[in-house]
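Visitor: For reference, the structure I am asking about is given below.
Please treat every number below as a calculation from the coordinates, not as lab data. Only a predicted model underlies this, so the values are computations on that prediction, with no experimental measurement involved. When we count neighbours, we look across all protein chains shown, and the Cβ atoms used for this are built from the backbone with ideal geometry, even at glycine.
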Amino acid sequence: MEPDFLVRLILLLPLAGAVFNGIVPLFVPALRRREGLIGSVGTAVVAIPFVLALYLFLSFEGEPIVATVYTWMASGELDLSFAYRIDQLSLLMTLIVTGVGGLIHLYSIGYMHEDPGFWRFFAYLNLFIFAMLNLVLGNNLPVLFLGWEGVGLCSYLLIGFWYTDLKNSAAANKAFIMNRVGDFAFLLAMFLLFKELGSLDFDVVLTEGPAMSQSTINWVVFLFFFGATGKSAQIPLYTWLPDAMAGPTPVSALIHAATMVTSGLYLLARLSPVVLSAPAVMTVIAVVGALTALVAATIAITQNDIKKVLAYSTVSQLGYMFLASGVGAFYVAIFHVMTHAFFKGCLFLGSGSVIHGMHHVEHEVAHHGKGALDPQDMRTMGGLKKYMPTTRMTFLLSTLAIAGIPLFSGFFSKDEILFKAFEYGYDGHVYAWFAWGIGILTAILTAVYMTRCYVLTFEGKERWPMAGEVHPHESPWTMTLPLWVLGVLSVVGGFVGLPAVIAHGELNWIHHWLAGEHGPVLEAEVHTHVPLALEWGLIALGSLIALVGVGLAWQWYRQHALAFDARLRSAFGKLYQWASELYHVDDFYRATFVRAVVEGAEEGLAPFDRRVVDGIVNGVAKLTAGVSRGLRLLQTGIVQSYAVAIVFGVVLIIALMLFG
Amino acid sequence: MGLTSIVIFLPLLGAALTLALRSARAIRWTALVTTTVTFVVSLGLWMGFDPSATTAQFVDRSAAWFPAGFDVKYFVGVDGLSLLLVLLTTLLGPIVVLSSWTYISKHLKAYYVLLLILQTGVTGVFTSYDVFLFYIFFEVTLIPMYFIIGIWGGENRIYAAVKFVLYTMVGSLLLLVAILYLGYQAGDAVNAGVFTTDWYKLLEYNIPVAEQTWLFFLFALAFAIKVPLFPLHTWLPDAHVQAPTGGSVILAGVLLKMGTYGLVRFCLPFFPNAAQEYAMLFAVLAVIGIVYGALVSRAQPDAKKLVAYSSVSHLGFVVLGIFAFTVESMQGALIQMINHGLSTGALFLIVGMLYERRHTRLMADYGGLARVTPVLAFFMIFSVLASAGLPGLNGFVGEFMILLGSFKSAVIGSPALIAVATTGVIFAAVYLLWMIYRVFWGAITREENRTMKDLNFREVALLVPLVVLMAVLGLAPNPFLQVSEPMTRFLLESMEAKRAAVLLEAERVDMAAAAFDGARFEVLQDHSSGETAEGKEVSE
């Protein structure tokens, strides 16, 4: 089959699904209740593109294929097409998006069962896949941007999915607006590139981009990176992501963990030749990534809402990926994007399964009048392993993966990031040492907070009211099947990127695939290599950190459960307190930017517009009316006074004629 | 009579026919049929249009109207600048009639007659190739709009109607002065001494730099008020809020475009030197308008006023694109005029539908409507996304091209200014999502909203064409861009040529003057060799 045709199918199927599940039931309400039909169509339009992408992947020969569909806009120098690029990077991303996406669609059939908005949910999810595919497949920046904003829209619609609660809608607005702040920078970067190069096609940008002046390159890369901090939730624009957990859990798994939030990393990897030409900005990227990783990890330890823990964990892991990009290891960032999609997707779906179960408990408890409980609060969970064995097992596997226990997927990708940072530092880039140090610290924290999350949820005693009588049940197969698939991938997914110590990196498939001879992803050149023994030492260090972190946290929380949080609180005092209050970043934004805009508009500009701008207009009108009223008095109607006026006039004219 | 004239005057014919009718039903249907037929006929312009030509097509031209000595005539046609605006006008015709179907209940006949006359006026504005004729149509549109606001408007309608007319009139009377002056000057220069207002002849006439400046400002003022450009915008929110839905749709959809169209058609080509010299002034005002309009929009409790202020913001983009003098930005501005007509038109229609149901425009009186009126919510959110410039919908295409073109513009040449303009995309999301948040999300807080009816067939039918076009113009704008590209290039090139010619002329005059001065000085020196003091005095 023609790749050209396949790409069109891959893109159009999810779009068709969105129309079928969204527009048709909107006008034909009878269809809205047909969960079987909507769910299977919705899942199929993602699963089929996965199969097609797999075919493209297997038959890919190394040379990028560009499929041009039609001209989007042409004017002056501008010549934009809906053109899509099939290469190693976009294929890998397409597989992740449609693969993980397909599983999450399947999972949603069970999770969203009996929700009145079932049809809308699948429509938004399909639309999201369509947008995300535009993002990863687009052959020019505006098509990428179409996807970039499109996924933002779907994120908005899905965060605010349960719109009857205004809190959710507020979180949705926040996500969209913060993303738009990033998009603003993205737009400027495109304008600048267009001014310099006269084109926004990747072929031109990637070949001629590095030849631009240094300051232009720096601006372009910085603006794109700033755009990425919006979509990929980095400092300073990360605060929308934890709020985004207001959406249904499959959304958190798909959009806010596995795919959309990794767009920024994709962007940097795609633009790697240009990014590598801006070493100063790379420093910024690495430092921002490292700090985000650390800050989010410290917050994650203090959270009790299971989804919030995972949300901050996502922010932290994304920080890792930016760290990797900042030291020029873009392919490693994409490697971590992939393993993270597996284990974080699995963790989120697992948490969804837990919430699904706890909903049942909440219902029962409320039914018996024994009070309310929050189905997402880990403080009222515990001991769930008895009731939800599959959820527990897959959650455990992915916890071990994210913690970086040797041979699990996260171990390989995370270790590779740390190694690359170390190596870049070893090569003489001091900032990379700094990033490496923070990375190590964050790795310990990650092992601890994830173990805490697992233990508080699944181990120990049941802590919800009426624990003896009511308990949750395991979820249906549509939900547990995706858990198993992702759980297994979390275990084995890392073997595609075996570290350099093994056969000199010959077996590092993902490196060859993305950054090999024909690969689209470049990497920073390293002149001084780390000795083999030291490499092994670093691997040992990484493994040790993970094992110790998990081991300690296991002991602490298995033994003391919630009581250990209190110990932490007293041990770290203000610091813990501060972290648990999210460092007041949101409060700061609210008090500054939000206030400036809202109050500035309501109390500054709107009254200014009414009183000053319009005041002048009305003033002129009043003045005219006043002058007219004054002049009207001259029209007395008394003939004598007119005669006097005429005489004066004549005298005046004669005087002028005589003396003028 | 050619196609252009038919499209202009069919509505007037319909108006005459309507005058003779008595039953409400007959009046509505006549108006609907007239506007629909006009639209269908206007499609003939689209089909027969040759985009590669840069001259007027479907031309209708009469002999001169006035006695000898005045070259003023009926001269209409379409070209790449006007075709889409004409089609937008004819498209909105039946939509406005349908939207008024139940909304207008008093003085039906007068309303539809005025609506039809208004359409003739607007179409005439967009098709005139004689500046005097343009002026007549420009003024013709005022009268029906005055009555539409003044009779069928809200509580404060008289104030709004008078303000609308007076404000516009201030600009247009000065415009008339400028046209007359220009007519005589051009007549002397290029028309054998015969007063002329023929667009092509005026285009040929290279106006000296000094005169360009004040003529430019007189023209630009009239159009800037119409656009409206900050700070001349305050008539707009009043007019919009008070006007009935149909009036608002026409006002936002096409009447404002008469301003931006006037800038492109007359101001820039006639006075290219002045236009470039003061481009920065207009760009700055446009950018202020973009941000200012958006922020003031955010502060409005009234949904209709919010949409009205959004026009100030959106048209700021258009003016910016016009004064950037690049093909990309100019074409972006042209397509953005259409986009704004579609999406803001749709927003006014939907706000009107809400008003018809609950008789309030305050957002606080709504809340949680998504549950009871999902179809209405869908159309509103769709239009909001188009208006906010979401890629894939029409608004993005215009804004993107305008900003992209302005960023590289040598005339504006200020990345910082364009960066400020680009913040408009953030603020657009802020105020538009705020409206959605207030009106559609949350729980239903008012009992009377619980039983609100969703859109009926008529309402869906009038919104569907707009929504479809938003998607078409967003995903496949190129056929529409192709209509205006040759004309835009032609215009920019001829402006540049004219500008250079005027500058050259000025230089020549300067040099001649200098040479003359020099010669005179020598003569004087010779003459007054004995009386040095006097010679010195004179030469100084």
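Visitor: Can you list which of the trypsin sites (Lys or Arg not before Pro) found in the stretch A:436-529 are DSSP loop residues with at most 11 other C-beta atoms within 10 Å? Present the calculation step by step, with values, prior to reporting the outcome.
Guide: Working: sites: A:452, A:461, A:463; in loops: A:461, A:463.
Passing both the DSSP loop test and the Cβ count: A:461.
Visitor: Calculate the FRET efficiency for residue B:106 and residue B:169 from the Cβ-Cβ distance with a Förster distance of 22 Å, rounded to the nearest 0.05. Please report the intermediate quantities before stating the final value.
Guide: Values: r = 27 Å, r/R0 = 1.24.
Efficiency, rounded to the nearest 0.05: 0.20.
Visitor: Quick query: amide H of residue A:72 versus all other amide H atoms, modeled in the peptide plane; which residues come in under 5 Å with a sequence gap of 5 or more or a different chain?
Guide: A:80, A:81, A:82
Visitor: Along the Cα→Cβ direction, 7 angstrom out, place labels at residue A:602 and residue B:372. What is the inter-label distance in nm?
Guide: 2.5 nm
Visitor: I need the calculated FRET efficiency for the pair residue A:495 and residue B:496, taking r as the beta carbon distance and R₀ as 45 Å, to the nearest 0.05.
Guide: 0.10
Visitor: Considering amide H positions built from the backbone, and no H for Pro or chain starts, which residues 5 or more places from residue A:474, or on another chain, come under 5 Å of its amide H?
Guide: none
Visitor: Once you compute Rg and the Kirkwood Rh from C-alpha atoms, what is the Rg to Rh ratio for the stretch A:1-151? Write out the running numbers ahead of the final one.
Guide: On the way: Rg = 16.2 Å, Rh = 15.9 Å.
A ratio of 1.02.
Visitor: Still on this structure, please answer the following. Report Rg (one decimal) and Dmax (nearest whole number) for chain A, counting Cα atoms only, units Å.
Guide: Taking only Cα atoms of chain A, I get Rg and Dmax of 30.5, 119 Å.
Visitor: Considering the alpha-carbon set of the stretch A:588-659 alone, what are its Rg and its Dmax in angstrom?
Guide: 26.4, 79
Visitor: Normalising by the residue count of chain A, find the relative contact order in percent from Cα pairs under 8 Å and 6+ residues apart.
Guide: Relative contact order here is 12 percent.
Visitor: Over 30 Å between C-alpha atoms is what I'm after, so list which of A:195/B:305; A:622/B:201; B:73/B:498 land there. Please list the in-between numbers first.
Guide: Working: A:195/B:305 37 Å; A:622/B:201 42 Å; B:73/B:498 25 Å.
A:195/B:305; A:622/B:201, as the Cα separations exceed 30 Å there.
Visitor: Please give me, ordered by residue number, the trypsin sites (Lys or Arg not before Pro) of the stretch B:97-197 that lie in loop per DSSP and have at most 10 other Cβ atoms within 10 Å.
Guide: Working: sites: B:106, B:109, B:157, B:163; in loops: B:106.
Hits after loop and neighbour filter: B:106.
Visitor: What FRET efficiency, computed as 1/(1 + (r/R0)^6) with R0 = 35 Å and r the Cβ-Cβ distance, is obtained for residue B:200 and residue B:410, rounded to the nearest 0.05? Could the numbers behind the result be given before it?
Guide: Working: r = 28 Å, r/R0 = 0.80.
Efficiency computed from Cβ-Cβ geometry: 0.80.
Visitor: Structure shown: which of B:226/B:408; A:167/A:370; A:307/A:386; A:307/A:414; A:344/A:385 lie over 24 Å apart, alpha-carbon to alpha-carbon?
Guide: Values: B:226/B:408 28 Å; A:167/A:370 26 Å; A:307/A:386 21 Å; A:307/A:414 22 Å; A:344/A:385 19 Å.
Long pairs (Cα-Cα over 24 Å): B:226/B:408; A:167/A:370.
Visitor: List, largest first, the extents of the alpha carbons of the stretch A:1-277 along their principal axes, each in whole Å.
Guide: 58, 46, 32
Visitor: I'd like the projected area of the stretch B:1-74, averaged over all directions, using the convex hull of its alpha carbons. Report it in nm² with one decimal.
Guide: Working: hull surface 27.0 nm².
Reported value for the Cα convex hull: 6.8 nm².
Visitor: Over the stretch A:534-660, what portion of Cα pair distances is larger than 18 Å, expressed as a whole percent?
Guide: More than 18 Å apart: 81 percent of the Cα pairs in the stretch A:534-660.
Visitor: Suppose we look only past 23 Å in the calculated P(r) of the stretch B:365-483. What percent of the Cα-Cα pairs does that tail hold? Could you put the intermediate results ahead of the total?
Guide: Numbers: 3231 of 7021 pairs.
Of all Cα-Cα distances in the stretch B:365-483, 46 percent exceed 23 Å.
Visitor: Could I ask something else about it? Multiply the residue gap between residue A:360 and residue A:555 by 0.36 nm, knock off their C-alpha separation, and tell me the result in nm, one decimal place.
Guide: Numbers: separation 195, 0.36 × 195 = 70.20 nm, distance 3.01 nm.
Full-extension gain reported as 67.2 nm.
Visitor: Within a 10 angstrom radius of each residue's Cβ in A:64-77, how many Cβ atoms of other chains show up on average? Whole number is fine.
Guide: On the way: counts 0, 0, 0, 0, 0, 0, 3, 6, 9, 15, 7, 21, 15, 6.
Taking the mean over all residues of the peptide, I get 6.
Visitor: Can you check what the net charge comes to around residue B:22, using other residues whose Cβ is under 13 Å from the Cβ of residue B:22 (Lys, Arg +1; Asp, Glu -1)?
Guide: Numbers: positive: B:25, B:28, B:109; negative: none.
Around residue B:22, the charge tally is +3.
Visitor: Multiplying the sequence separation of residue A:23 and residue A:63 by 0.36 nm and subtracting their Cα-Cα distance, what value in nm do you get?
Guide: 10.5 nm
Visitor: At 7 Å along Cα-to-Cβ for each site, give me the label-to-label distance between residue B:23 and residue B:62 in nm.
Guide: So the label points at residue B:23 and residue B:62 sit 3.7 nm apart.
Visitor: Quickly estimate the mean residue ellipticity at 222 nm for chain A, helices only: each DSSP H run with n ≥ 4 gives -39500 (n - 2.57), and the total goes over all residues, rounded to 500.
Guide: On the way: 28 runs with 449 residues, N = 660.
Using -39500 (n - 2.57) per qualifying helix, the result is -22500 deg cm²/dmol.
Visitor: Normalised by the number of residues in the stretch B:108-204, what is the relative contact order in percent for Cα pairs under 8 Å and 6+ residues apart? All intermediate terms of the calculation are to be shown ahead of the outcome.
Guide: Details: 84 pairs, mean separation 23.0, N = 97.
About 24 percent, as a whole number.
Visitor: Return a whole-number percent for the relative contact order of chain B, with Cα pairs under 8 Å and 6 or more residues apart as the contact set.
Guide: Working: 910 pairs, mean separation 78.0, N = 540.
Relative contact order, chain B: 14 percent.
Visitor: Helix B:108-127 sits at what angle to the longest principal axis of chain B, using alpha carbons and giving 0 to 90 degrees rounded to 10?
Guide: 40 degrees
Visitor: Which loop-located GluC sites (Glu not before Pro) does the stretch B:119-221 contain, where loop means any DSSP state but H, G, I, E or B and the Cβ has at most 12 other Cβ atoms within 10 Å? It would help to have the intermediate numbers written out before the result.
Guide: Details: sites: B:139, B:155, B:204, B:211; in loops: B:155.
Listed in order of number, the matching sites are B:155.
Visitor: Exposed loop GluC sites (Glu not before Pro) only (DSSP loop, at most 14 other Cβ atoms within 10 Å): please give the longest stretch of chain A free of them, not including the sites. Don't jump to the answer; show the numbers that get you there.
Guide: Details: sites that count: A:61, A:114, A:469, A:506, A:517, A:525, A:581.
The longest such stretch corresponds to A:115-468.
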